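Trainee: Before we start, here is the structure in question, set down as structure tokens.
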Amino acid sequence: MILRHLAENPGPQSYLEIATLLRSFIGKVKASLPDAVQIMAVMDGPTAGKERRKLFDEYKAKRKEDTRFKLFLAKALIIYAALGIECVHSTGGYETSDVIAALSKQALDSTDSTVAVVCADKGLLVLLANTRVELFRLSESGDVVEHTADAVRLKLGIDPHQVTDLLAIAGDKSIGIPGAEGIGEKGAAELLREYGSVDGLLSAVADGTIKKHSFTKAFIDPILKAKFDLSRNLVRLRFEATFEKMTIAAPVTAPPVLPPEDLDIDPRAYKLLKQSGIDDSYIAQMGRRYATASEVAEASAYPREKVCPDGAIAIPYPGVRKLDGSQYFSYRQLHGLPKYLGPSGQSTEIYVPIHYYKNKGSFALVITESEKKAALLDSIGIPALGIKGVSGWFDASSRAAQKERGEPLNEKTLPHKELLREVLDAEFVIILGDSDCHFNPLALHGLETLRQSLAYHVQLNHKRESAEPDWNPLKSTRNIPVSVALCNSRWENIQIEASQGKDGDCHAEPVKTGADDLFLRLLEAERERSATHDSHYNADNHSHDRVKAIHAMREL
């Protein structure tokens, strides 16, 4: 078991910074402790410190509440959940160090395993008195460094079991622990080496056998003795501390989303599209339909037992045919992974929405993941193309040759011909990623590789050279800017939604923000201003929303 203490420094604020910090840290912890069975993050609860402030109102009085830290915790909690790490927070006025001590004691008493604690709190060094406890901290360079009993003896001059007594005598002015009058850390260590413990020291004071009489006043004078007794109580770890698992508010349960009677579409497909903010008139033109699990398995050649039992949404690709001449469909599973399945025996295609050529030229070309997001952008007048995942944008034959040479996707990977043709005809290109790319390095790398490939082949064609010997040269008369933009998080109060897998277990997943959320947010803001709660578009607000959306895209 590993007990992870989240640093109290608010530190980074963006998901990318926080995710990078936590992923790096957890990776280093796992490398240091490969046999760890469980990792648990422990944090201060809303009443942390109240139990000690009842004893002394100056305890941690100098520490001001930092709202940035609350936001940091909210974002960190999302990432912990995504990493499968349980989080608990203190209750009853106890603090993080108390909870770590309590959890350590529970684990030591109930199992024969070793407990590893990752925390920089000096007070927890006392746990090293038990040989089944390992203690680590994060160094300034970001490395995981182990505390050892020998290191405690070398640095403080005492054994680990004496650390709490050392803090009681020396105090800690930074958090309002007064300590014994006139005795610092060096003097406290000297007394503990001589008398073993605070109790041994007080016995020596009481019977007059103490050797350093200059220290006796701190333990005899009634006022100073009361101050020392208070310090001793404040630094004592509360092994009886209470705590509870941290949870994130579930999304508000909304009434069922059902299609109008005159719209011939399966309710499951309709709900998925409406969640993206697509209006009914556009949905009616899309031709999407529901596909059973058996149909999906037969069309995709994906093992039937691995297909989502609830089926999928069949997504027709306008103007694209399968090798047998029938309509090309992609299948978006209602649950589980992979999210999208394509027809067997056919290379990846680019999704061109139904109004793409009508919208073309009115704005930058947007390339985004999945057909649903591309359709949403298309429905509000922005030209967009959909790719199948962050790595589903290449020309199949060219990529096959690269694989034979053992090359990964890179800037020289040839994009899908349809994609490159439209890029070469655009004014500028935005590759739009979901908000979860902020804390998904692999997804971010995939989008960046696509940007590099497009930029490379734009430049190649700008020089009027052939992209590939077997292609008709695609020419470009100018350089075309290509950039990557990521959506920002939609809510300050992060939510996690639970989904039930095929194994029957419930899995918590962060609610991510994509292109659909970006424009839903615009719609919500506009509707709040106009004081209308109509859930459908009308001609006037559709036009206004399109203008707002374009401005928002330009700001990315």
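The values are calculated or read from the model by the stated rules, or taken from the named source; none is laboratory data. Only a predicted model underlies this, so the values are computations on that prediction, with no experimental measurement involved. Every residue, glycine as well, gets a Cβ built from its backbone with ideal geometry; the counts of neighbours run over all protein chains shown. Please note that ligands, DNA and RNA were not included when accessible areas were found on the heavy atoms of the full protein model with its side chains. Shrake-Rupley method; radii C 1.70, N 1.55, O 1.52, S 1.80 Å.
Trainee: Near the amide H of CYS87, under 5 Å away, which other amide H atoms are found, from residues 5 or more places off or on another chain, if H is placed in the peptide plane?
Mentor: ALA41, MET246
Trainee: Same structure again: Given R₀ = 22 Å, FRET efficiency for GLU404-LYS339 by Cβ-Cβ distance, to 0.05?
Mentor: After rounding to 0.05, the efficiency reads 0.15.
Trainee: Assuming 0.36 nm per residue, please report the length gained on full extension of the stretch SER281 to ILE223 beyond their Cα-Cα distance.
Mentor: 12.8 nm
Trainee: Can you put LYS105, LYS225 in order of accessible area, largest first, using a 1.4 Å probe?
Mentor: The residues order as LYS105, LYS225, largest area first.
Trainee: I'd like the FRET efficiency for LYS306 and LYS360, computed as 1/(1 + (r/R0)^6) with the beta carbon distance as r and R0 of 45 Å, rounded to 0.05. Don't skip to the end; give the middle numbers.
Mentor: Details: r = 38 Å, r/R0 = 0.85.
E between LYS306 and LYS360, to the nearest 0.05, is 0.70.
Trainee: Can you compute the charge dipole magnitude of region 272-326 about its Cα centre, using +1 on each Lys and Arg Cβ and -1 on each Asp and Glu Cβ, nothing else charged? Give it in debye, rounded to the nearest 20.
Mentor: My answer is approximately 120 debye.
Trainee: Taking a point 7 angstrom from the Cα of ARG289 along the C-beta vector, which residues in region 322-352 have backbone N less than 16 Å away?
Mentor: Under 16 Å, as judged by backbone N against the label point of ARG289, lie 322, 326-332 of region 322-352.
Trainee: Evaluate E = 1/(1 + (r/R0)^6) for GLU418 and ARG153, where r is the Cβ-Cβ distance and R0 equals 60 Å; express this FRET efficiency to the nearest 0.05.
Mentor: FRET efficiency, GLU418 to ARG153: 0.30.
Trainee: Okay, moving on. Would you please classify the overall shape of region 330-424 from the alpha carbon gyration tensor, given that a ≥ b ≥ c denote the square roots of the eigenvalues, rounded means a/c under 1.5, and beyond that prolate means a/b larger than b/c while oblate covers the rest?
Mentor: Numbers: a/c = 2.40, a/b = 1.33, b/c = 1.80.
Oblate is the answer for region 330-424, as a/c is 1.5 or above yet b/c matches or exceeds a/b.
Trainee: I'd like to compare 399-409, 333-343, 86-96: which one has the highest average count of other Cβ atoms within 10 Å, and what's the full order after that?
Mentor: Ranking the peptides 399-409, 333-343, 86-96 by packing returns 86-96, 333-343, 399-409.
Trainee: Work out, step by step, the length gained on full extension between THR209 and ASP425: first 0.36 nm times the residue separation, then minus their alpha carbon distance; give nm to one decimal.
Mentor: Contour length minus Cα-Cα distance gives 68.4 nm.
Trainee: I would also like to ask the following. Using the heavy atoms of the protein chains and a 1.4 angstrom probe, tell me the accessible area per residue for region 370-423 in square angstrom.
Mentor: With all protein chains present, region 370-423 gives 33 Å² per residue.
Trainee: What length, rounded to one decimal in nm, is gained on full extension from SER483 through to LEU55, with 0.36 nm per residue of separation minus their alpha-carbon distance?
Mentor: Gain on stretching SER483 to LEU55: 148.3 nm.
Trainee: Let me ask something else. Which pairs, out of LYS358/LYS412; LYS186/LYS212; LYS186/LYS225; LYS271/LYS339; LYS274/LYS373, put more than 22 Å between their alpha-carbon atoms? List each step's numbers first, then the result.
Mentor: Values: LYS358/LYS412 31 Å; LYS186/LYS212 14 Å; LYS186/LYS225 20 Å; LYS271/LYS339 16 Å; LYS274/LYS373 12 Å.
Among LYS358/LYS412; LYS186/LYS212; LYS186/LYS225; LYS271/LYS339; LYS274/LYS373, the Cα-Cα distance tops 22 Å for LYS358/LYS412.
Trainee: Would region 125-178 count as rounded, prolate or oblate if I go by the C-alpha gyration tensor, calling it rounded below 1.5 in a/c and otherwise prolate when a/b exceeds b/c, oblate otherwise?
Mentor: Details: a/c = 2.14, a/b = 1.27, b/c = 1.68.
Verdict is oblate for region 125-178.
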